[in-house]
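Read-outs throughout are calculated quantities, based only on the coordinates presented, and are distinct from any laboratory measurement. Computed from a prediction, not measured in an experiment: that's the story for all the values here. No Cβ is skipped: glycine too gets one built from the backbone with ideal geometry, and neighbour counts run over all protein chains shown.
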Amino acid sequence: MRYVSNPDAAIGVKTVEQYEEYQMALHREYVGQDSGWDAFMDNHWCVGVDHKAYLDTTAKLWAADNVSWHAHKTPRVSSVRSVGLRGESIELNGVVDGSYLEHLKGFDFCTANTDPK
């Protein structure tokens, strides 16, 4: 991660808090339980999960706690993405055993919800 200090940068009229509120409002509107997507979900932290643990367990816990998330499975990687704190998102990459995440589709940036047609 790289942080940049630029005292000469233009400062907008919106506060950081307003930006966070805007992101969270979009997340609430477009992301649900294993469904949906918004552009801010691609602004995320990515974490590789030990392959001894399955992403199914995490998705099931998030669903029980009513946390919005969306899972995908491609030939290369499986992932579960969720809305994080203050508008940031998190992506967990790992393996799926099918105990909870049964009917995963690929990932397609050209559709509104990232599910392939």
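Here are a few things to note about the model shown:
- Acute angle (nearest 10 degrees) that the helix 16-30 long axis makes with the longest principal axis of the chain, alpha-carbon atoms: 30
- Net length available on complete extension from LYS117 to ALA53 is 20.1 nm, with 0.36 nm assigned per residue and the Cα-Cα distance removed.
- Vicinal HN-Hα couplings computed from phi for the stretch 101-106 (Karplus, 6.51 cos²θ - 1.76 cosθ + 1.60; Hz; Gly/Pro x): 8, 8, 10, 6, 10, x
- Peptide packing: for 25-36, 70-81, 4-15, 96-107, the average count of neighbouring Cβ atoms within 10 Å per residue gives the ranking 70-81, 25-36, 96-107, 4-15, highest mean first.
- Computed [θ] at 222 nm, helices only, for the chain once each DSSP H run of length n ≥ 4 contributes -39500 (n - 2.57): -6500 deg cm²/dmol
- Excluding same-chain neighbours fewer than eight residues apart, the lysines reachable from LYS117 by a Cα-Cα span under 24 Å are LYS73, LYS105.
- Acute angle (nearest 10 degrees) that the helix 55-64 long axis makes with the longest principal axis of the chain, alpha-carbon atoms: 70
- For the chain, the antiparallel share of DSSP beta bridges with both residues in that region comes to about 65%.
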